[in-house]
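Data first, discussion second: the structure below is written as structure tokens.
The values are calculated or read from the model by the stated rules, or taken from the named source; none is laboratory data. This is a predicted model, so every value here is computed, not measured. Neighbour counts run over all protein chains shown; Cβ positions are idealised from the backbone, glycine included.
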Amino acid sequence: MEPLIQPSYYSDTEIFQREQVLIFQNLWNFAGFTTDLQIHNDYICADIGGKSVTVQNFHGELRAFLNVCSHRFSKIHHQPQGNGALKCPYHGWVYNSEGIPVAIPSVQQFDINNITKESLRLEKWLVEVCGKLVFVKRNDDGITLKEFLGSIYDKIANFSEAFGQKINEYQLKINANWKITTENTLEGYHVFSVHKNTFSKYGVPAEKKYICNEIHTAYSDIGNIKYIEKSIEAILLKKAESVVQNRPLKLGSYYHQLIFPNLTIATNDGIAFYVQINQPINPVETKLISHVFVSKLDIKSDLEQSIINTLTQSLTKIFLEVCEEDKAICEIVQLGISSRNEGGGIFSLEEQRVYEFHKAYCKLMNFSLSENLKTSIMESVP
Ligand code: FES
Ligand SMILES: [Fe+2]
């Protein structure tokens, strides 16, 4: 197996612009959690394909819009999440659940009738939910979220329904293309070299399984949850055993799922969940947004709570260290890839999910998988 994405695509501005439309605006992309959209006027904002998008609860119904006022184009919601009317902070226009301006200060100064109001409607995006995860899409090609997620739809719904308390939210700016940071999560080949003092503490996996039959590839690894005996994690897990044994999700393994293109959900046997978005900023910068949840648990005493707190603190500490190690290596990879000529490279069996990622990417970008990718790109750029 050889890489299909050429080195220059990890820094090229034209490629980046093309990705924003074909990979991000045209596909279902993660925007946030239903837990932040519980009551009327709760809203969340997300940056998708270079666009600011907001999802808002209107009396129990979720609607998504381009988060840009139709008057003179200010952003409407400017906090990542909150509760409030869909009201522009600049001159105070208020929009209804259809995205139509319904309250315009000094409206008599404008030449506005109902037809004009209709033409001032906010750009509507599609919004659908899988479990506790909210997805949006700009262009309607008739593919539902359920169709897009395919066979992993139920799994993702089950995972997210098992999310309990959020124990950490973390953002990291990485000086590397979003594909480098995403590909890095798709292979364990680098673990021994990059994470020898963190991830490697989990022990050597007894069995590795790659699930590569669709664009949303997954990995599970039985041995990874067998902590090296006498490690702090092993002792903490033993202590927490009675508290976590009734958790809703038990997989018997570490599990890592990519939701193409840039969302990953990992879990160590349903005890904690790590949701990460590799959000492109520009061709050579990515914002890594991480949410860590502990499983829904039936905690009966202060002692049980304190055992869980100690365990989650320890798991979070390792997770944050791993993120920093990945940031450092991704930035080094970016420096290398930016200096490399086109072609070449090779994947091991452990990197087959990266290969699948390349395949899905090339298909969606309308690149042929032939050797002469450069030519096919130039032909297909509109
Ligand atoms: S720009 Fe939004 S009300 Fe003027
Ligand atoms: Fe890593």
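In table form, for the structure just shown:
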read-out	value
Residue that is within 22 Å of Ser119 (Cβ to Cβ) and touching a Pro at 6+ places or on another chain (Cβ under 7 Å), where the choices are Ser11, Ser74, Ser52	Ser74
Counted residues, the stretch 101-145 - those being closer than 21 Å to Arg72 by Cβ and among the aliphatic types (A, V, I, L, M)	8
Ile329 vs. criteria modelled with pLDDT of 90 or more and over 30 Å from Pro80 (Cα atoms)	no
Residue match in the stretch 40-54 (condition: of a type in the set (S, T, N, Q), surrounded by fewer than 19 Cβ atoms within 10 Å (Cβ to Cβ) and assigned to a strand (DSSP E or B))	yes
The stretch 105-122, subset of a type outside the set (Lys, Arg) and closer than 17 Å to Phe65 by Cβ, residue nearest to the chain's Cα centre (by Cα)	Leu122
Candidate set from the stretch 55-73 (those that are out of contact with any Gly (no Cβ under 8 Å at 6 or more places or on another chain) and in a strand (DSSP E or B)); member that is surrounded by the fewest Cβ atoms within 10 Å (Cβ to Cβ)	Glu61
Residues that are under 18 Å from the mean Cα position of the chain (by Cα), surrounded by fewer than 17 Cβ atoms within 10 Å (Cβ to Cβ) and part of a helix (DSSP H, G or I), drawn from the stretch 283-321	Leu320
Residue selected from the stretch 162-197 under the condition in a helix (DSSP H, G or I) and exposed (fewer than 13 other Cβ atoms within 10 Å of the Cβ), by the criterion modelled with the highest pLDDT	Ser193
Some residue of the stretch 119-139 being free of Cβ contacts under 8 Å to residues at least 24 places away in the same chain and either buried (at least 20 other Cβ atoms within 10 Å of the Cβ) or in the same structural domain as Gly92 (by TED's automatic domain parsing) (or both)	yes
Only one of Thr34, Thr116 that is more than 11 Å from ligand 1 (Cβ to nearest atom) and modelled with pLDDT of 95 or more	Thr34
